[in-house]
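Structure first, then comments.
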Amino acid sequence: MVGVSPGSSAPISKHDRRIGIARGLAPSCIRLRNMLGTTAAASALAGLSACSSVPALPPAPPVPAPDTGYVSASSLPAYRIQVGDVLAIRLILNPELNEEVTVRPDGHISTTVVRDEVAYGRTVPDLTEALVHDYSAELRKPRLNVVVKSFAPTRTYVAGEVNNPGEFITVGPPLSLSQAVARAGGLKTMTGDEGKIFIIRRGADDVPQFYAVRMQDVMWAHDPAADVRLAPYDVVYVPRTGISEVYRFFNQYLQQFVPVS
């Protein structure tokens, strides 16, 4: 084992360099791993904490601002009808035709007058316009309203290096990334690849789309915009790579033999 004096960095052997490259570790992280194996735990923790500094932040106000936690209506997208929503069809001049229908798994609805109409993915005004056209085949100038009586819950899935992976159900706006990770019990370890977390989303024609988010930017307050809003049925995957191997090495090996006071 190579000795390391205070203020110096551990040299990287060819063996360690090959292993580090295979694991995707930067040279600085390889040196840090060597330091973990040859110096005291307190010095190792100091090196780890130096890798991610928290910027100076304003103090939290004693009382939240009046608009805290609210999103302006203009910034929210129009609600699109989901499978499982319960819709009330109301005809002002023909109340005998009023009824409630549930959006089927195929995204369609059926009423007494209309055999089949697409509801999934449409806004309420869009569906209302389509039903007015459909009812016009039986009624003269139908006056019709659509009301969403019950909203199907939104589902988000979190997997990978979290403490409680699984499906999370909410009613209302979809979760943000940090809220979903918190629902899953938080991260087991800090992920590598600059803290990237992957989001799998179903796009147009149900084609999967893949996105990456720097979770470290959220955790260390570097970029609040990194706390993105998820879409319904998003899958959040937290990988275990890079710097997490250093944390695992510390948690599983060094802490067992080097007491930290």
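Any read-out appearing in this document is the output of simple, stated calculations on the displayed coordinates, not a laboratory observation. This one's a predicted model, so the numbers in the text were calculated from it and none came from an experiment. Glycine also receives a Cβ, built like all others from the backbone with ideal geometry; neighbour counts cover every protein chain displayed.
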Positive minus negative residues near residue 132 (Lys, Arg vs Asp, Glu; Cβ under 15 Å): 0
Taking Lys and Arg as +1 and Asp and Glu as -1, residues besides residue 176 with C-beta under 10 Å from its C-beta add up to 0
Chymotrypsin sites (Phe, Trp or Tyr not before Pro) lying in DSSP loop within region 81-174, provided at most 14 other Cβ fall within 10 Å: 151
So what's the net charge close to residue 77: Lys and Arg +1, Asp and Glu -1, counting the other residues with Cβ under 14 Å from its Cβ? +2
Listed by chain and number, the residues whose amide H is under 5 Å from that of residue 161, excluding neighbours fewer than 5 places away on the same chain and using placed H, are 238
Which far-off residues, 5 or more places away or on another chain, put their amide H under 5 Å from the one on residue 202, with H placed in the peptide plane? 209
Can you return the aspartates and glutamates within cross-link range of residue 196? Criterion is Cα-Cα under 20 Å, with same-chain partners fewer than 8 residues away left out. 161, 217, 223, 227, 234, 245
